[in-house]
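One structure is given below, encoded as structure tokens.
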Amino acid sequence: MVAAADVQPGAACYSNELIALAGGINVFGERPGASVEVTPEELLRADPELCFVSWCGVAEAKLDPDNLISAGRARGIGGGAGGRVYRLDERFSGRPGPRMLTAARVMARAIAGLA
């Protein structure tokens, strides 16, 4: 994780299709580019209802959503304050392909939990 900013999918990222397939909306989906740097302040202003963490090359078991919250990046937002920060295995979400359906199912279950 970057100390001053985190990287989120932008308008040109295939992740937007994955998020939409799961029933969600990327709060940074209108920003130009495939990957965009987002400051903690921008994340607070976007106020997502939930967050997914997935880092390229990092196994799901080693992802620590609490790190995102305790580092202040997600504290104060709907997703962080409500504890709705979920691991998303990069093996399923990190590249376009049939495995993305597994990621979409995981995401859809989390999104459905908001209702």
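FYI, it's all coordinate maths here, none of it is from the lab. Predicted model only: the values in this text are computed from it and were never measured. Cβ placement follows ideal geometry from the backbone for every residue including glycine, while neighbour counts extend to all protein chains displayed.
Key figures
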item	result
Cβ-based exposure ranking for Cys56, Cys51, Cys13, in which fewest neighbours within 10 Å come first	Cys56, Cys13, Cys51
Residues whose placed amide H lies under 5 Å from that of Cys51, excluding near-sequence neighbours	Val85, Tyr86
Exposure proxy ranking, count of Cβ atoms within 10 Å, fewest first, for Arg87, Arg99, Arg45	Arg45, Arg99, Arg87
Ranked list, fewest to most other Cβ atoms within 10 Å of each Cβ, for Ser35, Ser15	Ser35, Ser15
